[in-house]
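Shown next, in structure tokens, is the structure this report addresses.
Coordinate-derived values only; no laboratory data. Please read all numbers here as calculations on a predicted model, not as lab measurements. Using ideal geometry, Cβ is built from the backbone for each residue, glycine included, and neighbour counts are taken over all protein chains shown.
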Amino acid sequence: MAGAAGRLDTRHIHIVALFVQKYGGTSVGSTERIKNVARRIAKFRAAGHQVVVVVSAMSGETNRLIALAREFQAIPHPRELDVMVSTGEQVSVALLSMALIDRGAKAKSYTGAQVRILTDNAYTKARILRIDEERLRTDLKEGCVVVVAGFQGVDENGNITTLGRGGSDTTAVALAAALGADECQIYTDVDGVYTTDPRIVPEAHRLSTVTFEEMLEMASLGSKVLQIRSVEFAGKYKVKLRVLSSFEEEGQGTLITFEEDKDMERAIISGIAFNRDEAKITVLGVPDRPGIAYQILGPVADANIDVDMIIQNVGHDGMTDFSFTINRNEFERTMDILKNQVQPHIGARGVVGGNRIAKVSIVGVGMRSHVGIASKMFRTLAEEGINIQMISTSEIKISVVVDEKYMELAVRVLHKVFELDQPS
Ligand code: ADP
Ligand code: ASP
Ligand code: MG
């Protein structure tokens, strides 16, 4: 990946870089804020840098469009929904380009399809397959700021697709990878990645660096500051990724690093993630025999529904219970599949479920070299009277499922007990 890195501008004696900058919904949430973003971009241009900008829809717009669609269909037709929600970003790119042109900058806006951000055809959660970046390079050479609509692409048949909520982050990192950018900067309404969501725990503090692995876990476990797929892309293509504030002029934000900092005594736990978008389903009285997990989860996977935690209890008298979690949005659809396709087929006693659960996770590469972290977590929750419904662990994370009403309490007590409120 050839970037502009290291190209020396001999007139000004400074390094000219190519930045991909992404501004989220809040950062472009009003005309004033869009003008503020244009001013910030102009500063980078004035310093000689090339800038590709990715923007989200103005804050609240994507939700408004989805709600509008639901007035017509309870579960909107996915293809039509994508045609519709992609308009939010289309408005933002045009407005930002106008703001830039008004300042005397050269700027051009593009939708995902115009760039040709080629995706698969999984409407509402499509994956980027390829980006035709030639045209963008030409614009950049001509001194243009290129403004690309986030969150959207096009499949090989020309259908508009979207990349899932928070997908503009992924557009930005994918463009940075395709263009060999020197840095992908995610500008948002907080000044970096925190030990946990600062809106829930005011004592949370910003991490100056976080390892790629930790960020991957945090994003996948619910920290919506970066969409998981953007972190996956950054890992795969070694994109230098930084999260920063769009409201502050200074600040280093948080850099996602690929190497663990050997010199630094890192905290054992780096962060706490949580996710309310969870639902749990239990298939009761399942015959305890080979192939049963496949018979239950096969039809769920065929419907393109992601399963997260899975628990199969110890069998009694040839019967067992089988529980798993899914995204709350897919709860009704999954219950339908289980009741109509799976239960009669395998002869289970029943299917029960609940969507008032939440997942709370502690994450840290330091866990690898420390024991007793899990017991400390479980003891802390027990002392607060919080019942743990499910547990799942990996080398660098421990997740528990709890009743949704205890989620915030769990996050706060864990943040305190692991001393995350004390800046390292
Ligand atoms: P944008 O619209 O810019 O994409 P998002 O709302 O998607 O912004 O993501 C930023 C938000 O992520 C923050 O306002 C914050 O509430 C939330 N958040 C959750 N976990 C974290 C975390 N660990 N660090 C920072 N922000 C977090
Ligand atoms: N506008 C989309 C959303 O609200 C994509 C994004 O903001 O990243 O999810
Ligand atoms: Mg976001």
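Using only the Cα atoms, work out Rg/Rh for segment 129-213, with Rh taken as the Kirkwood radius, to two decimals.
Numbers: Rg = 16.3 Å, Rh = 15.5 Å.
Ratio of gyration radius to Kirkwood radius for segment 129-213: 1.06.
May I ask you to compute the full-extension gain from Glu408 to Arg349, defined as 0.36 nm times their residue separation minus their alpha-carbon distance, rounded to one decimal in nm?
Working: separation 59, 0.36 × 59 = 21.24 nm, distance 3.47 nm.
Difference between extended and current length: 17.8 nm.
Listing Ile311, Ile272 from the residue with the fewest other Cβ atoms within 10 Å to the one with the most, what is the order? Don't jump to the answer; show the numbers that get you there.
Working: Ile311 16, Ile272 28.
Least crowded to most crowded, the residues run Ile311, Ile272.
Here is the list for segment 180-221: GluC sites (Glu not before Pro) lying in DSSP coil, each with at most 16 other C-beta atoms within 10 angstrom of its C-beta, are Glu203. Viscosity 0.692 mPa s, temperature 37 °C: give me the Stokes-Einstein translational D for the chain in µm²/s, with Rh taken as the Kirkwood radius over C-alpha pairs. Taking Rh from Cα pairs, D becomes 142 µm²/s. Helical runs (DSSP H, four residues minimum) scored at -39500 (n - 2.57) apiece and divided by the length of the chain put the mean residue ellipticity at 222 nm at -9500 deg cm²/dmol. Put simply, the amide H of His205, placed in the peptide plane, has neighbours under 5 Å in Thr195, Thr196, leaving out anything fewer than 5 places away on its chain. Shown here are the Rg and Dmax of the Cα trace of segment 1-141, at 17.4, 60 Å. Per 10 Å bin from zero, what fraction in whole % of the C-alpha pairs of segment 319-387 is there, up to the bin with the longest pair? Taking every Cα pair in segment 319-387, the percentages come to 14, 32, 25, 22, 6. Scalar couplings 3J(HN,Hα) for segment 155-160, obtained by applying the Karplus form with A = 6.51, B = -1.76, C = 1.60 to θ = phi - 60°, are 8, 5, 9, x, 7, 6 Hz; x denotes Gly and Pro. Among Ser27, Ser230, sorting on how many other beta-carbon atoms sit within 10 Å of each Cβ, with the fewest leading, yields Ser27, Ser230.
Here the alpha carbons of segment 279-424 define both size measures, Rg and Dmax, at 17.4, 56 Å.
Counting pairwise Cα distances across segment 168-311, what percent come out greater than 21 angstrom?
On the way: 5428 of 10296 pairs.
Cα-Cα pairs in segment 168-311 separated by more than 21 Å: 53 percent.
Between 0 and 90 degrees, the angle of helix 31-46 with respect to the longest Cα principal axis of the chain falls at about 60 degrees. Ranked by how many other Cβ atoms sit within 10 Å of their own Cβ, fewest first, the residues Ser56, Ser392 fall in the order Ser392, Ser56. Cross-link check: pairs Lys376/Lys405; Lys141/Lys240; Lys236/Lys280; Lys224/Lys359 evaluated at a Cα-Cα cut-off of 24 Å; pairs beyond the cut-off: Lys236/Lys280.
Once you charge only the Cβ atoms, +1 for Lys and Arg and -1 for Asp and Glu, what is the size of the charge dipole of the chain about its Cα centre, to the nearest 20 debye?
On the way: 49 positive and 54 negative charges, 171 e Å.
Roughly 820 debye, rounded to the nearest 20.
Angle of helix 228-237 to the longest C-alpha principal axis of the chain, folded into 0 to 90 degrees and rounded to 10: 60°. Summary value for the chain: 13 percent relative contact order, contacts being C-alpha pairs under 8 angstrom separated by 6+ residues.
Converting phi to 3J(HN,Hα) with the Karplus coefficients 6.51, -1.76 and 1.60 and the offset θ = phi - 60°, segment 300-317 yields 5, 5, 4, 8, 6, 9, 7, 9, 9, 7, 9, 9, 10, 6, 4, x, 10, 6 Hz in sequence order, with x at every glycine or proline. Amide hydrogen proximity for Lys106: with H placed 1.01 Å from N in the peptide plane, the residues at 5 or more positions away or on another chain lying under 5 Å are Val145.
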